[in-house]
Amino acid sequence: MPATARLDTGTAARTLTAGRAVILPNPSPLTYVATATNPQAVNNAKGRPVDQEVALWVHDDTTWADLATRLDLTPTALHTALTLLRDHLVTLLVPVRADTPPAWAAPALRDGHLLLFGARWQPLTPLLTLFPRLYVSSANRTGHPPAATADQAAAMFGPDTPVVDADALRDTATPHAATTMLRIAPDGGLAHIRHGAQDRAHGADPACYLEHLRAATTH
């Protein structure tokens, strides 16, 4: 499949419209993800408690704009957060203001922070445009590593959860991992929370990776 080819997302679109979960690809070296228009569907697909937190997928500019006013970040830190989400593809814990976040963001709330994911991989744009507000988690059933290929995802989730196969656009020979997770402070300071695909390129050394990000996001 050439890089300009369209992915077959028709079944995924119909499934998301019906309120059920689908499995979508990320660019290598990230693994696949489970997503839905409601958090319960994501958790049901993963076989875990329906009220477990999930990340809010802020791929849509309007969703980000609606959320940004509720985040406890300086203007500079707000720009850094968006850069980390969109350009560095991390999962990010972002502090919220003292007032309650919007109800649609509550499923992503953890200890006063929202769990956000912001990747916008071009091959998925036609599908994501149809669903500006999605919830997302790694494509794995409880106790299993996230799926690195479409075949792994299909075997793990079974026929009732559609998988959008984009392996022809990915480097499946490279080691894959879920996203690195960071936490950003109101002033833009960063803390490393979970190892993942991004910090692996820096020897899985949190200090080295954070220094790289500081240099990359300094204006």
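Which residue, Ala103, Ala178, Ala148, has the most motion in a Gaussian network model of the chain that connects Cα atoms within less than 10 Å?
Looking only at Ala103, Ala178, Ala148, the largest GNM fluctuation is found for Ala103.
Specify the residue with the greatest mean-square fluctuation among Ala153, Ala21, Ala68, computed from a Gaussian network of the chain linking alpha-carbon atoms under 10 Å apart.
Ala68
For region 49-197, report the accessible area per residue in Å² (1.4 Å probe, heavy atoms, rounded to an integer).
Value for region 49-197: 44 Å² per residue.
Give me the percent of accessible area attributable to carbon and sulfur for region 39-197, probe 1.4 angstrom.
It is 52 percent, rounded to a whole number.
How many angstrom separate the Cα center of region 165-219 from the Cα center of region 45-109?
If we compute the Cα centre of each part, the gap is 17 Å.
At q = 0.11, 0.17 Å⁻¹, what is the base-10 log of I(q)/I(0) for region 119-219 according to the Debye formula with one equal point scatterer per Cα and no solvent? Please give it to two decimals.
-0.46, -1.02
Please state the relative contact order of the chain as a whole percent: Cα pairs under 8 Å, 6+ residues apart?
The value is 29 percent.
For Ala204 and Thr62, calculate 0.36 nm times their separation in residues minus their Cα-Cα distance, and state this gained length in nm to one decimal.
So the chain would gain 47.7 nm between Ala204 and Thr62.
Name the residue farthest towards the positive end of the dipole of region 133-219 from the options Ala185, Leu210, Met156, assuming +1 on Cβ of Lys and Arg, -1 on Cβ of Asp and Glu, about the Cα centre.
Highest projection toward the positive end goes to Ala185.
Quick one: dipole size for the chain, taken about the Cα centre, charges +1 on Lys/Arg Cβ and -1 on Asp/Glu Cβ, in debye to the nearest 20.
With only Lys, Arg, Asp and Glu charged at Cβ, the dipole is about 240 debye.
Compute a Gaussian network model of the chain, connecting alpha carbons closer than 10 Å, and tell me which residue from Asp111, Asp199, Asp87 fluctuates the most.
Asp111
Averaged across orientations, what area in nm² does the convex hull of the alpha carbons in region 49-154 project?
7.7 nm²
The values are calculated or read from the model by the stated rules, or taken from the named source; none is laboratory data. Just so it is clear, the model here is predicted, and its values are computed rather than measured. Don't worry about glycine lacking a Cβ; one is built from the backbone with ideal geometry, like all the others, and counts go over all protein chains shown. Heavy atoms of the whole protein, side chains included, go into the accessibility calculation; ligands, DNA and RNA do not. Shrake-Rupley method; radii C 1.70, N 1.55, O 1.52, S 1.80 Å.
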